[in-house]
Each structure stands twice: as structure tokens, then as C-alpha cells.
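Trainee: The structure's right below; bear with me while I get my questions together.
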């Protein structure tokens, strides 16, 4: 299979797009860390492991391997634990799909500071946190001559690329993660071992399964 022997993390994969990404990666042979905090779509509510566990059960039912993880990408140390979960469970990491996100849609003149900060924390800082820890791991492995050919997929959106009413917080983050993919990929020229990075948006054909 295309991804046989590869290990992937998909953040925010308990529901929606992330769930489908996790299932597709598993279908193609990857071992998957299904990360999801389990809170409401706006980030409120008590965390629950149920959504991630349900996706893990689906993957195992079709013969794949997966583990649930409930850490928050918005927390720098917790994001490192997500990476460590892949290493502890499956021994390595090849692919990171940054999909975790929340929505706090408001017109700019009604938007509370908390609504801005919460969305930025998950979408933008969360993407940075995951990229930072994964890239550090791949760099250290490259120094050991362990070439893992890492891949990162950042989830963007037309709200960031074209704009959408009431989504200045979300749109700003989605434009930023697309820019992050471009900037971070540029480091490959000077720092061998760094991953190829892509940005995908719903409705497009994302490079979610690049050769690794």
C-alpha cells in the first residue's frame, strides 16, 4: 500500500475533515495517531476522548492500527506529547496533518478579544506547535542518518485565501498557515532533513498522500 509502514498524526481528527483524513491515511496503510480534544466546535465544553476513540475503533475494524490522543495542539508542551505519542506507540513519525480548529465567527466590530485569541491559539499557534516539534524530531533523526522524509499538510481555507464575512479571526489564521507552509519549506534548501510542507483547503485536491 502507498503508506505501508508510515506513521501519521492527524490533529482534530475525531470529526469532520480530520476524521476522513485519518481514515484515508489508514486505508492506505499508515499507522495513525487520532488526536482530538473532544470539545465543542467553538472550543468550549469539557474535553472528551469519545470522538477520537470512535475513529480509532473504525480504523481497527478495517484492519488498521491507530491510537487516540486527547492533548491540545494549542499548548506547546501538550503538542510535544502528541508527537511523543506517535514515537512511543509506533516508533517513529513520518506525516503530520494539521487539521485541528475551532470557530468563533463574529463581525469584527462585535468580536471579543477572547474570540480572537482562542481561534489564533488553536489554528495558528497549534499549527506552529506541531510543526516545531515534528521538525525538531526529523532534524535530530537526520543527524543520525535516519532519513524519514517527513511530510506536513497544513489545512487552509478560502476564508483565508479569498475572505469570508464574519471570519476575520479564522481567515487570518488560515492565510497564515498557508504562508507558514511556504516559509518553512524554504528551509529545506539550507537545512537537510526538514520536511516537505503543503497547504490544502476543503474542496481542493490536497497533497495529503505524498510519497514518503
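Trainee: Looking at the structure I just gave you, is residue 124 at negative phi, surrounded by 15 or more Cβ atoms within 10 Å (Cβ to Cβ) and outside any helix (DSSP H, G or I)? Walk me through it before giving the result.
Mentor: On the way: at negative phi: yes; surrounded by 15 or more Cβ atoms within 10 Å (Cβ to Cβ): yes; outside any helix (DSSP H, G or I): no.
Taking the combined requirement at face value, the residue does not satisfy it.
Trainee: Among the residues in the stretch 32-43, are any crowded, with 24+ Cβ neighbours inside 10 Å, out of contact with any helix residue (DSSP H, G or I) (no Cβ under 7 Å at 6 or more places or on another chain), at negative phi and at pLDDT below 95?
Mentor: Yes, the stretch 32-43 contains a residue that is crowded, with 24+ Cβ neighbours inside 10 Å, out of contact with any helix residue (DSSP H, G or I) (no Cβ under 7 Å at 6 or more places or on another chain), at negative phi and at pLDDT below 95.
Trainee: Quick one: count up the residues across the stretch 100-111 that are surrounded by fewer than 20 Cβ atoms within 10 Å (Cβ to Cβ) and in contact with a helix residue (DSSP H, G or I) (Cβ under 9 Å, 6 or more places away or on another chain).
Mentor: Keep residues of the stretch 100-111 that are surrounded by fewer than 20 Cβ atoms within 10 Å (Cβ to Cβ), which gives 103, 105-111.
Next, from what is left, pick out any that are in contact with a helix residue (DSSP H, G or I) (Cβ under 9 Å, 6 or more places away or on another chain): 103, 105-108, 111.
Qualifying residue count for the region: 6.
Trainee: Find all pairs meeting these conditions: Cβ atoms under 9 angstrom apart; at least six residues apart or on different chains; first residue within the stretch 75-92 and without any contact (Cβ under 8 Å) to a residue 60 or more places away in the chain; second residue outside any helix (DSSP H, G or I) and surrounded by fewer than 18 Cβ atoms within 10 Å (Cβ to Cβ).
Mentor: Matching pairs, first to second residue: 81/75; 89/65.
Trainee: Then there's this: Among the residues of the stretch 76-116, which ones are touching a strand residue (DSSP E or B) at 6+ places or on another chain (Cβ under 8 Å), in a helix (DSSP H, G or I) and within 17 Å of residue 167 (Cα to Cα)?
Mentor: If the condition is that a residue be touching a strand residue (DSSP E or B) at 6+ places or on another chain (Cβ under 8 Å), in a helix (DSSP H, G or I) and within 17 Å of residue 167 (Cα to Cα), then 115 is the only one that fits.
Trainee: Let me ask something else. Of the numbered conditions (1) touching a strand residue (DSSP E or B) at 6+ places or on another chain (Cβ under 9 Å); (2) closer than 17 Å to residue 99 by Cβ, residue 135 fails exactly one; give the number of that condition.
Mentor: (2)
Trainee: Oh, and also: List, please: which pairs have Cβ atoms under 7 Å, are six or more places apart or on different chains, and start with a residue in the stretch 28-56 that is over 14 Å from residue 12 (Cβ atoms) and end with one that is assigned to a helix (DSSP H, G or I) and modelled with pLDDT of 95 or more?
Mentor: What qualifies is 31/90.
Trainee: For the stretch 17-31, name all the residues that are assigned to a loop (DSSP other than H, G, I, E, B) and surrounded by 22 or more Cβ atoms within 10 Å (Cβ to Cβ).
Mentor: Result: 30, single match.
Trainee: From 171, 160, grab the single residue that is touching a helix residue (DSSP H, G or I) at 6+ places or on another chain (Cβ under 6 Å), closer than 18 Å to residue 16 by Cβ, free of Cβ contacts under 8 Å to residues at least 60 places away in the same chain and part of a helix (DSSP H, G or I).
Mentor: On inspection, the qualifying residue turns out to be 160.
Trainee: In addition: From the list 73, 67, 55, exactly one residue is part of a helix (DSSP H, G or I) and either out of contact with any helix residue (DSSP H, G or I) (no Cβ under 8 Å at 6 or more places or on another chain) or on the phi < 0 side of the Ramachandran plot (or both). Which is it?
Mentor: 55
Trainee: Do we have residue 53 as buried (at least 16 other Cβ atoms within 10 Å of the Cβ) and more than 16 Å from the chain's Cα centre (by Cα) here?
Mentor: Judged against the criteria, residue 53 is a match.
The values are calculated or read from the model by the stated rules, or taken from the named source; none is laboratory data. Since the structure is predicted, the reported quantities are computational estimates derived from the model, not experimental observations. Cβ coordinates were reconstructed from backbone atoms using ideal geometry, including for glycine residues, and neighbour counts include every protein chain displayed.
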